[in-house]
1. Can you pull out every residue in segment 105-128 that is exposed (fewer than 10 other Cβ atoms within 10 Å of the Cβ) and either in contact (Cβ under 8 Å) with a residue 12 or more places away in the chain or under 18 Å from residue 146 (Cα atoms) (or both)?
2. Are any residues in segment 35-50 more than 19 Å from residue 73 (Cα to Cα) and without any contact (Cβ under 8 Å) to a residue 12 or more places away in the chain, and if so, which ones?
3. Considering 89, 97, which residue is under 26 Å from residue 127 (Cβ atoms), out of contact with any helix residue (DSSP H, G or I) (no Cβ under 8 Å at 6 or more places or on another chain) and either modelled with pLDDT of 95 or more or part of a helix (DSSP H, G or I) (or both)?
4. So how many residues does segment 140-158 have that are at pLDDT 65 or above and in contact with a helix residue (DSSP H, G or I) (Cβ under 7 Å, 6 or more places away or on another chain)?
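The values are calculated or read from the model by the stated rules, or taken from the named source; none is laboratory data. Just so you know, these numbers come straight off a predicted model, no measurement behind them. All Cβ positions, even for glycine, are placed from backbone atoms using ideal geometry, and neighbour counts span all protein chains on display.
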(Lines give C-alpha, C1' and ligand atoms only; values in the text may rest on other atoms or scores of the structure.)
Protein backbone atom coordinates (compact mmCIF):
# COMPACT_ATOMS: atom_id res chain seq x y z
CA UNK A 1 0.00 0.00 0.00
CA UNK A 2 2.79 2.41 0.88
CA UNK A 3 4.59 1.79 -2.42
CA UNK A 4 1.35 2.43 -4.34
CA UNK A 5 0.85 5.73 -2.52
CA UNK A 6 4.40 6.81 -3.28
CA UNK A 7 4.02 5.80 -6.92
CA UNK A 8 0.72 7.68 -7.21
CA UNK A 9 2.23 10.75 -5.57
CA UNK A 10 5.18 10.60 -7.97
CA UNK A 11 2.88 10.37 -10.98
CA UNK A 12 0.79 13.31 -9.73
CA UNK A 13 3.90 15.43 -9.16
CA UNK A 14 5.28 14.58 -12.60
CA UNK A 15 1.92 15.36 -14.21
CA UNK A 16 1.62 18.71 -12.41
CA UNK A 17 5.21 19.64 -13.30
CA UNK A 18 4.54 18.77 -16.94
CA UNK A 19 1.41 20.92 -16.83
CA UNK A 20 3.40 23.85 -15.48
CA UNK A 21 5.49 23.75 -18.68
CA UNK A 22 2.46 23.85 -20.97
CA UNK A 23 2.27 26.80 -23.24
CA UNK A 24 -0.75 28.88 -24.07
CA UNK A 25 -2.79 27.89 -27.10
CA UNK A 26 -3.37 30.75 -29.54
CA UNK A 27 -7.08 29.92 -29.48
CA UNK A 28 -7.00 30.19 -25.69
CA UNK A 29 -6.11 33.89 -25.87
CA UNK A 30 -8.80 36.55 -25.68
CA UNK A 31 -9.51 38.62 -28.78
CA UNK A 32 -7.79 41.58 -27.12
CA UNK A 33 -4.68 39.52 -26.35
CA UNK A 34 -4.58 38.22 -29.93
CA UNK A 35 -4.74 41.78 -31.22
CA UNK A 36 -1.83 42.84 -28.99
CA UNK A 37 0.20 39.73 -29.90
CA UNK A 38 -0.72 39.73 -33.60
CA UNK A 39 2.93 39.87 -34.71
CA UNK A 40 3.47 36.47 -33.04
CA UNK A 41 0.42 34.74 -34.57
CA UNK A 42 2.28 32.86 -37.34
CA UNK A 43 5.06 31.63 -35.03
CA UNK A 44 3.08 31.22 -31.79
CA UNK A 45 3.26 27.41 -31.80
CA UNK A 46 7.06 27.49 -32.19
CA UNK A 47 7.60 29.70 -29.14
CA UNK A 48 8.78 28.12 -25.91
CA UNK A 49 5.88 27.51 -23.50
CA UNK A 50 7.43 29.84 -20.91
CA UNK A 51 7.69 32.60 -23.55
CA UNK A 52 4.04 32.07 -24.54
CA UNK A 53 3.03 32.42 -20.89
CA UNK A 54 5.09 35.60 -20.51
CA UNK A 55 3.63 37.15 -23.65
CA UNK A 56 0.06 36.18 -22.71
CA UNK A 57 0.49 37.68 -19.24
CA UNK A 58 1.98 40.86 -20.72
CA UNK A 59 -0.89 41.17 -23.19
CA UNK A 60 -3.38 40.65 -20.35
CA UNK A 61 -1.69 43.48 -18.38
CA UNK A 62 -1.62 45.70 -21.47
CA UNK A 63 -5.33 45.27 -22.15
CA UNK A 64 -6.14 46.20 -18.56
CA UNK A 65 -4.15 49.47 -18.69
CA UNK A 66 -5.63 52.91 -19.08
CA UNK A 67 -4.53 54.97 -22.11
CA UNK A 68 -2.24 57.01 -19.83
CA UNK A 69 -0.62 53.86 -18.44
CA UNK A 70 -0.11 52.52 -21.96
CA UNK A 71 1.53 55.79 -23.01
CA UNK A 72 3.92 55.64 -20.04
CA UNK A 73 4.71 51.99 -20.79
CA UNK A 74 5.44 52.78 -24.44
CA UNK A 75 7.73 55.63 -23.37
CA UNK A 76 9.63 53.37 -20.96
CA UNK A 77 9.92 50.68 -23.64
CA UNK A 78 11.39 53.20 -26.10
CA UNK A 79 13.88 54.25 -23.44
CA UNK A 80 14.77 50.61 -22.83
CA UNK A 81 15.33 49.96 -26.55
CA UNK A 82 17.66 52.98 -26.74
CA UNK A 83 19.94 51.60 -24.02
CA UNK A 84 23.10 49.72 -24.89
CA UNK A 85 23.24 46.01 -24.07
CA UNK A 86 25.76 46.87 -21.34
CA UNK A 87 23.30 49.30 -19.74
CA UNK A 88 20.48 46.75 -19.94
CA UNK A 89 22.66 44.09 -18.30
CA UNK A 90 23.54 46.52 -15.52
CA UNK A 91 19.84 47.28 -14.92
CA UNK A 92 18.96 43.57 -14.94
CA UNK A 93 21.69 42.91 -12.39
CA UNK A 94 20.53 45.73 -10.14
CA UNK A 95 16.93 44.50 -10.41
CA UNK A 96 18.07 41.00 -9.44
CA UNK A 97 19.96 42.46 -6.47
CA UNK A 98 16.82 44.35 -5.44
CA UNK A 99 14.67 41.21 -5.71
CA UNK A 100 17.08 39.40 -3.38
CA UNK A 101 16.74 42.02 -0.63
CA UNK A 102 14.47 41.38 2.35
CA UNK A 103 10.96 42.84 1.88
CA UNK A 104 11.49 45.57 4.50
CA UNK A 105 14.62 46.76 2.73
CA UNK A 106 12.79 46.77 -0.62
CA UNK A 107 10.04 48.85 0.95
CA UNK A 108 12.56 51.31 2.40
CA UNK A 109 14.07 51.78 -1.07
CA UNK A 110 10.62 52.29 -2.61
CA UNK A 111 9.77 54.85 0.09
CA UNK A 112 13.03 56.74 -0.44
CA UNK A 113 12.46 56.77 -4.20
CA UNK A 114 8.91 58.05 -3.71
CA UNK A 115 10.19 60.84 -1.45
CA UNK A 116 12.82 61.75 -4.05
CA UNK A 117 10.19 61.84 -6.83
CA UNK A 118 8.01 64.10 -4.66
CA UNK A 119 10.75 66.74 -4.44
CA UNK A 120 10.68 69.68 -6.80
CA UNK A 121 12.68 69.22 -10.03
CA UNK A 122 15.14 71.86 -8.85
CA UNK A 123 15.74 70.10 -5.53
CA UNK A 124 16.23 66.74 -7.29
CA UNK A 125 18.75 68.35 -9.66
CA UNK A 126 20.69 69.88 -6.75
CA UNK A 127 20.85 66.48 -5.04
CA UNK A 128 22.05 64.81 -8.25
CA UNK A 129 24.76 67.44 -8.66
CA UNK A 130 25.87 67.05 -5.05
CA UNK A 131 26.04 63.27 -5.50
CA UNK A 132 28.03 63.62 -8.74
CA UNK A 133 30.57 65.84 -6.96
CA UNK A 134 31.28 63.24 -4.26
CA UNK A 135 34.38 61.07 -4.44
CA UNK A 136 33.82 57.29 -4.80
CA UNK A 137 34.68 56.87 -1.11
CA UNK A 138 32.17 59.54 -0.07
CA UNK A 139 29.50 57.92 -2.24
CA UNK A 140 30.15 54.54 -0.62
CA UNK A 141 29.92 56.03 2.89
CA UNK A 142 26.66 57.73 1.92
CA UNK A 143 25.25 54.44 0.58
CA UNK A 144 26.23 52.69 3.79
CA UNK A 145 24.62 55.40 5.92
CA UNK A 146 21.47 55.25 3.81
CA UNK A 147 21.23 51.46 4.04
CA UNK A 148 21.61 51.59 7.83
CA UNK A 149 19.06 54.36 8.20
CA UNK A 150 15.62 53.51 9.45
CA UNK A 151 12.55 55.08 7.80
CA UNK A 152 11.82 58.50 9.25
CA UNK A 153 8.99 58.99 11.67
CA UNK A 154 7.09 62.22 11.27
CA UNK A 155 7.08 64.85 8.54
CA UNK A 156 9.84 65.17 5.98
CA UNK A 157 12.11 68.24 6.12
CA UNK A 158 12.51 68.39 2.32
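1. At the first step, the residues of segment 105-128 found to be exposed (fewer than 10 other Cβ atoms within 10 Å of the Cβ) are 114, 117, 120-122.
Those that are exposed (fewer than 10 other Cβ atoms within 10 Å of the Cβ) and either in contact (Cβ under 8 Å) with a residue 12 or more places away in the chain or under 18 Å from residue 146 (Cα atoms) (or both): 114, 117.
2. Answer for segment 35-50, where residues must be more than 19 Å from residue 73 (Cα to Cα) and without any contact (Cβ under 8 Å) to a residue 12 or more places away in the chain: 42, 43, 46.
3. Every option except 97 fails the conditions.
4. Going through segment 140-158 one residue at a time, the tally reaches 0.
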